[in-house]
Amino acid sequence: MAEKGFQIASRLRTLTSELRLLERDLKNGTISDDAALQEFRHALDEIRMTAWTASELHHAQPGRKELLASFLAAERIRRFAQMMRDLSLDMEQEDVRWESGGIQTLYDAVTLLQSRLDRLIREHRAGFRNLKDEQR
């Protein structure tokens, strides 16, 4: 376990150095591939949030870990909703087509997510109705 932690720390230092060099290059040059830049920004946003969460969990008191896990889930939901809006706009502008690849896989994943969301919402509404009945 300690060896794995050392490997991660070493990779973090290497990547930090690479990112600083990349930042300098981005400031001094122009990028010809906007899609690559957008993909990088999204990946960077995800890793930033994961790194922040890992740091907070590392330093959290035992009772706060559940709160942080809940926050992470909420942040994933926020980011996913934004990605879905972006993808919808891309589809509307016909930037995404069947040839883009992965459409069936995305459809299957969204269908699974929708069924789980439906169940969660039904359970929440049932609990809410029960709470309203108890208050009467």
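The values are calculated or read from the model by the stated rules, or taken from the named source; none is laboratory data. What you see is a predicted model; the values in this text were computed from it and never measured. Positions of Cβ are backbone-derived with ideal geometry, glycine not excepted, and every protein chain shown enters the neighbour counts. Only protein heavy atoms, including side chains, enter the accessible area calculation; ligands, DNA and RNA are left aside. Shrake-Rupley method; radii C 1.70, N 1.55, O 1.52, S 1.80 Å.
Annotations for the structure displayed:
- Among A51, A69, A109: highest mean-square fluctuation, GNM of the chain, C-alpha pairs under 10 Å: A109
- The 1.4 Å probe gives accessible areas that order S100, S32, largest first, as S32, S100.
- Candidates A54, A81, A126, ranked by Gaussian network fluctuation over the chain, Cα under 10 Å, top entry: A126
- Degrees between helix 103-135 axis and first principal axis of the chain (Cα, 0 to 90, nearest 10): 40 degrees
- Between L120 and T14, the contour length at 0.36 nm per residue exceeds the alpha carbon distance by 34.0 nm.
- For trypsin sites (Lys or Arg not before Pro), the sites in segment 15-115 that DSSP calls loop and that have at most 16 other Cβ atoms within 10 Å are R97.
- In the chain, helical runs assigned H by DSSP with n ≥ 4 each contribute -39500 (n - 2.57); averaged across all residues and rounded to the nearest 500, the mean residue ellipticity at 222 nm is -30000 deg cm²/dmol.
- Inter-part distance, segment 73-118 to segment 22-41, computed on C-alpha centroids, equals 25 Å.
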